[in-house]
1. Can you confirm whether the stretch 208-216 contains a residue that is within 16 Å of the ligand (Cβ to nearest atom) and either open to solvent by 60 Å² or more (accessible area, probe 1.4 Å) or modelled with pLDDT of 95 or more (or both)?
2. Within the stretch 302-312, work out how many residues are within 16 Å of the ligand (Cβ to nearest atom) and open to solvent by less than 10 Å² (accessible area, probe 1.4 Å).
3. Return the residues of the stretch 53-79 that are open to solvent by 50 Å² or more (accessible area, probe 1.4 Å) and either of a type in the set (A, V, I, L, M) or in a loop (DSSP other than H, G, I, E, B) (or both); say none if nothing qualifies.
4. G121: farther than 19 Å from E174 by Cα and without any contact (Cβ under 8 Å) to a residue 40 or more places away in the chain, yes or no?
5. I'd like to check something: does the stretch 331-351 contain any residue that is free of Cβ contacts under 8 Å to residues at least 24 places away in the same chain, part of a loop (DSSP other than H, G, I, E, B), open to solvent by 60 Å² or more (accessible area, probe 1.4 Å) and away from the ligand (no atom under 16 Å from the Cβ)?
6. Do we have S311 as more than 17 Å from the chain's Cα centre (by Cα) and closer than 26 Å to F236 by Cβ here?
Amino acid sequence: MKTEEPCDDAKLDLSQEKLDRFGITNKEYLSAASKRALQWKYVENDWYRVFDQMQPLKGDLAYEEGVVRRDPSAMIKENGKYYVWYSKSIGTTDGFGGDVENDKVFPWDRCDIWYATSEDGWTWKEEGIAVPRGEKGAYDDRSVFTVEIMKHEDMYYLCYQTIKSPYDVRTKNEVGLAWSSSPNGPWTKSKEPILKPSDNGVWKGEEQNRFAVVKKGDFDSHKVHDPCIIPFNGKFYLYYKGEQMGEEILFGGRQIRHGVAIADNPKGPYVKSKYNPVSNSGHEICVWPVKGGVASLITTDGPERNTVQWSPDGINFEIKAAVKGANMPHAIGLNRSLSASDSNPTQIFDWGLSHVYNSWNYQSIMRFSSHRKTSHVAKGEKTREEK
Ligand code: AAL
């Protein structure tokens, strides 16, 4: 039987070189998979990475029973030391259904933002609280967590998630900002959140059930998470993860998507892009500027998970490579002291930090590393480059 018509054959590149590369010797019989391969926009190997097994840290950031340390920020190098910020809380997680005013509903509930320094990236000294939860009644009175750092013109900016008590399953999650002229603080907090969920979703009924909706609204109608600001094209691009009211499992996992909000100044106001969402897959945000555009590691959820994507304009992302899922850190704190280059655009993954689940109650920060893989060789065989 001749090939069915899932796509327009006229648009396929049927050059001899391409057919030979994909091992298609009879172009009269193209499966749907072959047609998709011929439509791939990018097939080179320069973005590919394989992650090694994560290694434990030493000193104050070594695993500590009874303590949650998770969601490390990027690392920056200042005064000859690496700095990292992270969420820290104490004690077990109660979950929902009990007394949400007083329980701890998630490991990232009842967190403050702490920071630590290290000379070698292995042995860390915990320096103390950078940004505490707010006073009762403030928009961040319940938890501040999942922080990112940006240095710009000798000022330091921490952006992070905020929760106002009570923390129940329908509680909206927002984003706050704090700034300082020193990585050691003191930090000044924004009086209001710099980013909020869209307000065009409608809950169904009064019960605390996040799946019951009359209308789901935008992709970020429930939560704006994992904020990360990078300077780009003379502006400030705040990338974030959106969660939608009435979340479903759809085509490859949870409905988790990424958006961007853009500002002229680091403190905002941040305006959400009309093109959002900019990714229909992913989870924690991991973005870095390279090749004149913005690259993004997409992990965990959605059909495009475990891919590296790149956009020339910070908005229109295309897949550049798949990333091997094994050992892949999913809550990466990038090492911003490593620069990605045109010839090695994923060099920023040489090493950095992420967290692991030691248990549902407790998480700790560990060190990841990765390497490029350009050929697949047997023991004793020379690589493509060595031949
Ligand atoms: C993570 C992140 C955010 C969420 C929670 C802590 O996977 O997406 O940080 O709020 O879980």
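The values are calculated or read from the model by the stated rules, or taken from the named source; none is laboratory data. The structure presented is a predicted model; accordingly, all values stated were derived computationally and were not measured. Ideal geometry is used to build each Cβ from the backbone, glycine not excepted, and the neighbour counts take in all protein chains shown. Side chains included, ligands, DNA and RNA excluded: accessible areas come from the protein's heavy atoms. Shrake-Rupley method; radii C 1.70, N 1.55, O 1.52, S 1.80 Å.
1. Yes; the residues of the stretch 208-216 include at least one that is within 16 Å of the ligand (Cβ to nearest atom) and either open to solvent by 60 Å² or more (accessible area, probe 1.4 Å) or modelled with pLDDT of 95 or more (or both).
2. Number of matching residues: 1.
3. Q53, D60, Y63, E64, E65, N79
4. Considered against the rule, which asks whether it is farther than 19 Å from E174 by Cα and without any contact (Cβ under 8 Å) to a residue 40 or more places away in the chain, G121 comes out as no.
5. The answer is yes; a qualifying residue exists.
6. Numbers: more than 17 Å from the chain's Cα centre (by Cα): no; closer than 26 Å to F236 by Cβ: yes.
Spelling it out, it is not the case that S311 is more than 17 Å from the chain's Cα centre (by Cα) and closer than 26 Å to F236 by Cβ.
Residues are listed down the side, and each one gets a yes or a no for (1) touching a residue at least 12 places away in the same chain (Cβ under 8 Å); (2) within 16 Å of the ligand (Cβ to nearest atom); (3) out of contact with any strand residue (DSSP E or B) (no Cβ under 8 Å at 6 or more places or on another chain):
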residue	(1), (2), (3)
E135	no, no, yes
M150	yes, no, no
D154	yes, no, yes
Y160	yes, yes, no
S180	yes, no, no
P197	yes, yes, no
G201	yes, no, no
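Yes/no matrix, rows are residues, columns are (1) polar (S, T, N, Q); (2) in contact (Cβ under 8 Å) with a residue 60 or more places away in the chain; (3) closer than 15 Å to P227 by Cβ; (4) buried (at least 21 other Cβ atoms within 10 Å of the Cβ):
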residue	(1), (2), (3), (4)
R254	no, no, no, no
K274	no, no, no, no
N280	yes, no, no, no
E284	no, yes, yes, yes
